[in-house]
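The structure appears below as structure tokens.
The values are calculated or read from the model by the stated rules, or taken from the named source; none is laboratory data. Predicted model only: the values in this text are computed from it and were never measured. Here the Cβ is made from the backbone with ideal geometry for all residues, glycine too, and neighbour counts use every protein chain on show. Accessible surface areas use protein heavy atoms only, side chains included; no ligands, DNA or RNA. Shrake-Rupley method; radii C 1.70, N 1.55, O 1.52, S 1.80 Å.
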Amino acid sequence: FAKLNPGLAYVQGMNELLAPLLWTFKTDPDPEQSAHAEADAFFCFIEIMSEFRDHFCKQLDNSDSGIKATMTRLLEYLQLHDYELWDHLTNRVKIDPQYFAFRWITLMLTQEFHFPDLVRLWDTFLADPKGRLDSLLRFCVTMLVSARDMLLAGDFASNLKLLQSYPPTDVSVLLRKSAQFEC
């Protein structure tokens, strides 16, 4: 990837995006298909990076397509769906989304859920006709709204701990709720 994209090169965390893809192709029950797992995973990785690459480019952090703009979109979606929670997180306890959403977005939640749940999530994100990023952001808003009671009751420290170590949850329930959100 770095050879094909010298302006971007490798950035820590890209391996987290490649791993689920490689696992999926490598565990294909058809040996003929799994023999090409690395090439297939690389192709899919390039497809994902074509949409998410600006999040990995420090020079674009402050641009309309950079990670800060995407985190702002996440907060705007939250504000639309749950103003009270948005106000609590942004104005009362003042949690910068960089403390939790940066990892959620750039790693597409790879560190937030158990692997089987992650594969289910990615199946949804990658197949969503509204777009991968939009699907991911809707799901992130769902995560926040689902933890609403704990977040509203918490202070900066407890909320940060919760958001950086999201509690175990039924991913299917979150996906159903996420499908109802319009952003």
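Would a scan of segment 171-183 turn up a residue that is closer than 19 Å to PRO20 by Cβ and over 14 Å from the mean Cα position of the chain (by Cα)?
The answer is yes, given that some residue of segment 171-183 is closer than 19 Å to PRO20 by Cβ and over 14 Å from the mean Cα position of the chain (by Cα).
Quickly run through segment 136-169 and pick out the residues that are of a type in the set (S, T, N, Q) and without any contact (Cβ under 8 Å) to a residue 12 or more places away in the chain.
Across segment 136-169, the qualifying residues are SER158, SER165.
Quick one: PRO116 ticks every box in (1) over 15 Å from the mean Cα position of the chain (by Cα); (2) over 22 Å from TRP23 (Cα atoms) except a single one, so which number is it?
Among (1) over 15 Å from the mean Cα position of the chain (by Cα); (2) over 22 Å from TRP23 (Cα atoms), PRO116 violates only (2).
Mind listing whichever residues of segment 132-146 are in contact with a helix residue (DSSP H, G or I) (Cβ under 8 Å, 6 or more places away or on another chain) and open to solvent by 10 Å² or more (accessible area, probe 1.4 Å)?
ARG132, LEU133, ARG138, VAL145, SER146
Tell me which of these GLN33 doesn't satisfy, since it passes every other one: (1) modelled with pLDDT of 95 or more; (2) open to solvent by 50 Å² or more (accessible area, probe 1.4 Å); (3) farther than 29 Å from LEU163 by Cα; (4) assigned to a helix (DSSP H, G or I).
(1)
May I ask you to verify whether ARG138 is among the basic types (Lys, Arg), part of a helix (DSSP H, G or I) and within 18 Å of GLU16 (Cβ to Cβ)?
Taking the combined requirement at face value, the residue does not satisfy it.
Just checking, does segment 108-131 include any residue being surrounded by fewer than 18 Cβ atoms within 10 Å (Cβ to Cβ), touching a residue at least 60 places away in the same chain (Cβ under 8 Å) and closer than 15 Å to ARG73 by Cβ?
Yes, the conditions are met somewhere in segment 108-131.
Exactly one of these conditions fails for TYR166: (1) part of a helix (DSSP H, G or I); (2) within 14 Å of TYR99 (Cβ to Cβ); (3) open to solvent by less than 50 Å² (accessible area, probe 1.4 Å). Give me its number.
TYR166 satisfies all of (1) part of a helix (DSSP H, G or I); (2) within 14 Å of TYR99 (Cβ to Cβ); (3) open to solvent by less than 50 Å² (accessible area, probe 1.4 Å) except (1).
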